[in-house]
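The numbers here are math on the coordinates, done by the rules we state, and not lab data. From a predicted model like this one, the values you see are computed outputs, not experimental measurements. Cβ atoms come from the backbone with ideal geometry, glycine included; neighbour counts cover every protein chain shown.
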Amino acid sequence: MFEESEQPTKWSIIASGEGADRIALQYHTGFHNIAIEDRVLLLNTAAADVHPEKIFDYLIKKDVHFIEISEKIKRERICIFGSSPGAGNVWKVGELQAREDFDTIRRYISNLKIIEGDVILTINTLGGGTGNGSTPYLINELKYGKVLIAGHKNKFFSVGVLPFDVEPPQRHFNAICGMTRLLKYPADGKEWKQNTDLLILVNNSQIDNKIISDNYSTDKILSDEEKYYMVNKSIIDAIDIMIAPGGKTSKTTVDVADYYQIPSNLGVYHFTPCIATGLDPEIIDTETAIDFAVKNPMAPLDIKTATMAYFIMRVPKKYVGKRFSQEELEIITKEWAINNMCGSTGGIARYASLTYTTKQENFDILVLLGGFSLKEVIKTSLHKYEIFSKGLEDKNIAGENVLTTEDTLTIEEKIRNYIKHTEDVIKIVSSGEDEGLLKKWGF
């Protein structure tokens with residue numbers, strides 16, 4: 001968490017859909033981040049899905065203070081859009097409702113007081129209809145449309161939450177459609193361009209399995225609400241640490257441009273967090289902390305295919321320059337990358353930042369890995385996408401002819417092209433031939 005007045009770049013969170021609203025509310029209530037403050041907006045097509053008391057139920061049981069926050073959220077930070085109550089788990093309906101009610105959404109976004117240079121962080125669960133349909137459309141409209149937020153000078157980072165592996169094919173079909181449209185979107189209705197500037201993928205099953213393993217007890221089984229809370233907490237921790245190196249508490253700043261410029265030039269801009277929190281600085285050293293983090297990736301990836309990495313360590317201020325230093329962090333992370341990442345030089349981009357805090361006694365580390373092979377990450381979703389799409393023909397869905405076989409074929413083509421391009425970049429970096437192609441990639 002930031003010290004006051006030490007964060008130059010402001011961030012706003014726009015969450016769409018019930019699952020995303022839960023994550024955003026939990027962040028808003030549990031963290032005070034000077035980069036975000038109260039710039040949080042919850043979007044939904046169904047009022048019942050974003051009812052604060054419903055979402056806060058587990059939190060309220062822990063602290064009645066959340067009732068007060070709930071009332072404020074209801075008054076100022078909830079936008080119900082569209083003409084029908086819910087999207088029926090059909091992403092195309094969510095997209096159409098956002099399109100038809102864009103002016104309403106835009107008015108709520110304007111209340112966030114976004115200015116030029118701010119980051120807009122979108123959150124959506126990729127298995128649903130409302131957020132999955134609306135979020136990619138909103139990013140595209142705000143980036144390339146006629147309605148300006150701040151002169152089109154804002155950057156969009158997105159958190160996409162993949163469904164649990166056991167969920168039915170339709171939700172994984174939605175996941176592939178949502179992920180693809182976050183990565184690429186037909187900006188002018190025809191040409192598909194890069195949409196979000198950075199996509200952070202997390203897998204519910206991956207996080208859930210880790211939580212169950214860490215909290216296994218024969219005496220007590222975690223309830224579903226406890227597991228959801230802890231899954232969301234893991235995602236929130238990653239976001240909070242990711243924002244940390246932009247302020248004066250960092251020995252080396254990792255600013256917004258550092259996160260998106262190289263990935264965008266490469267045309268490969270997907271990442272997943274690996275995180276370890278609450279580490280004892282008297283016992284755990286930097287190398288061990290990195291090992292702990294990379295054993296906890298939020299998506300099932302092959303680290304050897306990762307081409308980019310950001311190492312962010314947040315430690316108590318009293319240990320900076322004594323137990324931990326920026327120079328040591330850079331040396332250790334370079335060696336780790338060479339030994340573990342793609343290519344003989346440890347990928348094509350690597351950043352390390354030591355940041356301090358006066359608000360905790362333990363320390364945290366985030367290893368944000370990017371550009372890795374997507375084969376393992378979306379294997380389950382892509383398989384179930386194929387199963388579901390085979391059953392789709394040009395027919396009425398959710399009462400309207402809104403989703404066509406042409407839609408599914410185009411989306412499948414775009415995601416497979418992105419996967420192939422990612423594999424091509426990995427192959428080049430692995431071969432050591434990347435120097436000759438740096439100019440081609442914009443370096």
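At-a-glance table
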read-out	value
Inter-part distance where segment 85-134 and segment 331-387 are each reduced to a Cα centre, Å	28 Å
Links that overshoot a 24 Å alpha carbon limit, given the list Lys227/Lys334; Lys10/Lys334; Lys295/Lys334; Lys153/Lys184; Lys153/Lys379; Lys143/Lys390	Lys227/Lys334; Lys10/Lys334; Lys153/Lys379; Lys143/Lys390
In segment 223-302, the trypsin sites (Lys or Arg not before Pro) that fall in loop regions by DSSP, at most 14 other Cβ within 10 Å	Lys248, Lys295
Ascending count of other beta-carbon atoms within 10 Å, so fewest first, for Tyr228, Tyr259	Tyr228, Tyr259
Equivalent ellipsoid dimensions for segment 273-370 as semi-axes, Å, which come from the Cα gyration tensor, largest first	23, 14, 10
Residue exposure sequence - Trp11, Trp336, Trp91, Trp192 - by fewest surrounding Cβ within 10 Å	Trp192, Trp336, Trp11, Trp91
Relative contact order %, segment 273-370, counting alpha carbon pairs below 8 Å whose residues are six or more apart	48 percent
Amide H partners (placed H, <5 Å) of Ile114, local residues excluded	none
Sequence of Ser234, Ser110, Ser16 once ranked by neighbouring C-beta atoms within 10 Å, starting from the fewest	Ser110, Ser234, Ser16
Built amide H within the under 5 Å cut-off of Ser12, gap 5+	Val119, Ile120, Leu121
Pairwise label distance in nanometres, Asp280 with Lys295, each label 7 Å out on the Cα-Cβ vector	1.6 nm
Extension gain, Leu222 back to Glu191 (0.36 nm per residue minus Cα-Cα distance, nm)	6.5 nm
